[in-house]
Amino acid sequence: MESAELRELLTPEGLALLNSLPEYSSATDVLKIVSELRKAGNSASLVASVLTQAKLRAKAQSKFGDFASTMLFTEAGLEQATRLPVAALHAGRFVRAGLTRVADLGCGIGADALAIAGAGLSVHAVEADEVTAAIAVMNLSAFPEATVSHGTAEEADLTGIEGVYLDPARRTSGHNNTSRLTKSEDYLPSLDFAFGLAAQLPTGIKLGPGFDRELIPDNCEAQWVSVGGDVVELGLWFGPLAREGIARSALIMTPEGMHELTGAADSADAEVGPLGRYLYEPDGAVIRARLIGDLARSLGAHMLDEHIAYMSSETLVHSPFAAAFEVHEQFPLDVKQLAAELSKRNIGTLEIKKRGVDIDPAEFRKKLKLSGPESATLFLTRIGERRAALLAQRA
């Protein structure tokens, strides 16, 4: 979105047109709506803008719920925005620390600032991209205690600020079709700036879940957050925003609620043992937090291989931190034999999981020539020096 498009959208007429759009789900609906809006005298650029915003609002429902219907977005801004339930957890740390004035540096479309303001705190949001900053102004307009300025994190005036939240840009600039920055030294603001600020003020830093653990400072709490099975972020928390005695945390958010596994450090490895009746696959947040050993011991399970994050036991224990599978058969990892075994069992729907073996599951699936009404899960892995295929069902 360019500045001129946004200015046209932000007129009373533009916003009224956006809010009047009916729901649409097909190309035919879009063509009909475009035709009607153009016949009514609306410019082609405004029609394109409101239809884009309507599409983004529908897409944003998964992150923002009902709030999405009144917000504005860019494609890149929505992709990078914190989910509102996760942002609420961020805001809760500032509340519990007793802070009242927070700066959100690199606020994007304003998701975290929205949660901070919603928690009753004063928040000053700063965004380097002019269009995105203007969108943040709109998204925060219902909160008089929230202000937004266009500028860089490094130049932000922090006078009177008691705590800081940073979400360094980890993608190339732009409003759509951005690409991920793979080197932490390319983040904006830089990690040196972020960590330097954390030495002065209570600070929270949002990073990608695959961030290099070797770069995590010793003086913070590192929390990996998983939503619906996907690890969505790593949060680093400094000063009073970090919890005493916790250096590693895996927070699992499901429709049923939240669950957390914590440790004062990376957990010690669990012992290695034979394949039992049940196999456990830890949530990605547990794996990244390196709390697998603690989880295995809580389940009464052991590792199948010291380098692979699969656990096993003879008894079933349900846990929000791991998916459980009942193992029915163990085969050599040979595609021809597996194809024959799966055909014999009429398995046409197959979930393929792999760890510790260099196999493309999509290409492997084609070679199996699946057919039949039955379903199963197939684990392709390594147990010691041996490559194995484990046929299982979700417990």
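The values are calculated or read from the model by the stated rules, or taken from the named source; none is laboratory data. Computed from a predicted structure; not experimentally measured. Glycine gets a Cβ as well: all are built from the backbone with ideal geometry, and neighbour counts include every protein chain shown. These accessible areas exclude ligands, DNA and RNA; they are computed on the full protein's heavy atoms, side chains included. Shrake-Rupley method; radii C 1.70, N 1.55, O 1.52, S 1.80 Å.
With the crude spin-label approximation of a point 7 Å out along Cα→Cβ, what separation in nm comes out for residue 13 versus residue 259?
5.6
Tell me which residues come under 5 Å, amide H to amide H, from residue 129 once H is placed; ignore anything under 5 positions away on its chain.
Residues meeting the amide H criterion: none.
Rounded to a whole number, what % of the accessible area of region 1-130 do carbon and sulfur atoms account for, probe 1.4 Å?
That fraction is 55 percent.
Compute, for the chain, the length of the dipole vector about the Cα centre, with Cβ point charges of +1 (Lys, Arg) and -1 (Asp, Glu) only. Units Debye, rounded to 20. Please report the intermediate quantities before stating the final value.
Details: 38 positive and 52 negative charges, 282 e Å.
Computed charge dipole of the chain: roughly 1360 debye.
So if I place +1 on the C-beta of Lys and Arg and -1 on the C-beta of Asp and Glu, and nothing else carries charge, what would the dipole magnitude of region 3-68 be about its Cα centre? I want it in debye, nearest 20.
Around 140 debye, computed over region 3-68.
Points 7 angstrom from Cα along the Cβ direction at residue 268 and residue 243: gap in nanometres?
Computed distance between label sites residue 268 and residue 243 equals 2.3 nm.
Please report the net charge: other residues with Cβ closer than 12 Å to the Cβ of residue 263, K and R +1, D and E -1.
Result for the neighbourhood of residue 263: 0.
Positive end of the charge dipole of the chain (Lys, Arg +1 and Asp, Glu -1 on Cβ, about the Cα centre): tell me which of 9, 343, 204 has its Cα farthest that way.
So the residue we want is 343.
Cα centroid distance between region 343-376 and region 11-72, in Å?
42
7 Å from Cα along Cα→Cβ at both residue 44 and residue 149: what's the point-to-point distance in nm?
Label at residue 44, label at residue 149, 4.1 nm between them.
Put +1 on the Cβ of every Lys and Arg and -1 on every Asp and Glu Cβ in the chain; which of 258, 147, 109 then has its Cα farthest towards the positive end of the dipole?
It is 258.
Quick check for me: using +1 on Lys/Arg Cβ and -1 on Asp/Glu Cβ, what's the dipole size of region 39-172 about its Cα centre, in debye to the nearest 20?
The calculated dipole for region 39-172 is roughly 660 debye.
How far, in nm, would the chain grow between residue 328 and residue 365 when pulled straight, counting 0.36 nm per residue and subtracting the alpha carbon separation?
11.4 nm
Could you identify which residue out of 339, 289, 198 has the top mean-square fluctuation in a GNM of the chain using Cα springs shorter than 10 Å?
339
Order 249, 298, most accessible first, counting only protein heavy atoms with a 1.4 angstrom probe.
Per-residue accessible area, sorted high to low, gives 298, 249.
Grab the DSSP H runs of the chain that are 4 residues or longer, score each as -39,500 (n - 2.57), total them, divide by all residues and round the 222 nm result to the nearest 500 deg cm²/dmol.
Value at 222 nm, helices only, nearest 500: -9500 deg cm²/dmol.
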